[in-house]
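**Q** Dumping the structure here so I can ask a few things about it.
What follows is calculated from the coordinates using simple rules that are stated; it is not laboratory data. Remember, it's a predicted structure, so these values are computed and weren't measured experimentally. Here the Cβ positions follow ideal geometry from the backbone for every residue, glycine too, while neighbour counts run over all protein chains shown.
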Amino acid sequence: MTKSKPIDFVERNNIKSFLALLRDWMAIFLIAAFSIWANNIFIYFVAVWLIGIFQFALGEALVHEVVHNNLFTEKSWHEKLEFLYSFPFLRTISSYREHHFPHHKYLFSDGDYIPEDYEFLGLNKPDKNVFMILFIKPFLGFSIYYFFIEVILYPLLQDSFNLSAIINGIKHSYKLYLFWLVVIIGFSLSGNLDILLLYWFVPLLWCFSFLSLLAEVQEHFNTFSGSRSNVNPVINFFFHNAGYHYVHHLCPTIPWYKLPAAHQALCADNPDISHGILDTYRQLIRNNQIDVESLDNLRVGYLPLSSDSSHH
């Protein structure tokens, strides 16, 4: 039997991609509509967290696929259609790419933002309380600050805080500002600005930011190999297989719907496999040391796609 190669799993499917986008948007609208109809504070808070889950599926899991040009057969569509999945989350695809690609190339070394973020969160302290850092503080609102710095400010300024970087960031993001100007004016004129606030910004700033922080930590913190795979089927159903993170680093051009098969074929023996949130938490608090050789394999994000030495 021929051994599988990363290239065997690389393809693009417009129908699957549009259906995935449609699923998330429909879920958000239907949950919001039901909550408005029910007019109940308990149902509202449940709705906020459910909307936040689908916001994360759309604005992080699928946008992450967009950043790697994994959604559409036409490469140009990924940026042309960013009003569907990136602008609603206050960022552009180009700024996300500038911020994200060094993470693949320089994983856990100079150039990767992850070590700095872990330091910022307090995860490098010997007396850290992981439960407090990952669950209590974000739930109480700390993740909003992290969201603003990590998701909006850093990508916008390309990690540089001088005046020219700010002006440059604004120039490159004018479509984003126009998008939100139209949205806010539209909701305002229709008398529904409160709906935009309650059913978009509250889930975004509370739940989406909570999940963003949690995901960034669970994907790489305290691993042997450099990246953790969460193979829990429920998590991967909601988040478009985003749990299969190790194989994504091996070959970032594999689309989300091929990641489970690629994981089984290419790296099922990875030492950092979690089967759910409790399993992940146990791994986050264990004592271990990262394997440098494994990091080198992941840093490329450039596994050869064929039997020759060509890199993607």
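**Q** In straight Cα distance, which lysines are under 20 Å from Lys125, not counting same-chain residues fewer than 8 positions off?
**A** Lys137
**Q** Next question, about the same structure. Calculate how steeply helix 14-38 sits against the longest principal axis of the alpha-carbon atoms of the chain, using the helix alpha-carbon long axis, and give the answer as 0 to 90 degrees to the nearest 10.
**A** With rounding to tens, the tilt is 40 degrees.
**Q** Roughly speaking, what is the stretch gain from Asn124 to Lys75, that is 0.36 nm per residue apart minus the C-alpha to C-alpha distance, in nm to one decimal? Present the calculation step by step, with values, prior to reporting the outcome.
**A** Numbers: separation 49, 0.36 × 49 = 17.64 nm, distance 3.92 nm.
Computed gain between Asn124 and Lys75 is 13.7 nm.
**Q** Roughly how many nanometres apart are two label points built 7 Å out from the Cα toward the Cβ at Ile149 and Arg97?
**A** A separation of 2.8 nm, rounded to one decimal place.
**Q** Let me ask something additional. Just order 209-216, 12-19, 36-43, 143-150 by mean Cβ neighbour count inside 10 Å, highest at the front, would you?
**A** Numbers: 209-216: 21.8, 12-19: 14.2, 36-43: 11.0, 143-150: 17.5.
Descending mean neighbour count gives 209-216, 143-150, 12-19, 36-43.
**Q** To continue, here is another question. Relative contact order for the chain: what is it in percent, counting Cα pairs under 8 Å that are at least 6 residues apart? Could you put the intermediate results ahead of the total?
**A** Details: 376 pairs, mean separation 76.8, N = 312.
Relative contact order here is 25 percent.
**Q** How about Lys75: which lysines have a C-alpha closer than 26 Å to its C-alpha, ignoring those fewer than 8 places off in the same chain?
**A** Qualifying lysines at Cα under 26 Å: Lys5, Lys16, Lys105, Lys171, Lys175, Lys258.
**Q** Which one, (1) 50; (2) 44; (3) 60, gives percent of Cα pairs over 27 Å apart as derived from the coordinates shown?
**A** (2)
**Q** Let me ask another. List the aspartates and glutamates whose Cα lies under 20 Å from the Cα of Lys128, skipping any in the same chain that are fewer than 8 positions away.
**A** Within reach: Glu116, Asp117, Glu119, Glu216, Glu219, Asp279.
**Q** Same structure, new question: In the range 6-300, with Lys and Arg counted as +1 and Asp and Glu as -1 at Cβ, which of these residues, Ala215, Tyr257, Ile41, has the Cα nearest the positive end of the dipole, that is, farthest along it?
**A** It is Ile41.
**Q** Which order do the peptides 174-184, 111-121 take when ranked by the mean count of other beta-carbon atoms within 10 Å per residue, highest first?
**A** Details: 174-184: 13.4, 111-121: 16.1.
Sorting 174-184, 111-121 by mean packing, highest first, produces 111-121, 174-184.
**Q** Right, next: Taking the mean number of other Cβ atoms within 10 Å as a proxy for protection, how do you rank 252-260, 124-132, 87-95 from highest to lowest?
**A** Numbers: 252-260: 21.8, 124-132: 10.9, 87-95: 20.2.
In decreasing order of mean packing, 252-260, 124-132, 87-95 become 252-260, 87-95, 124-132.
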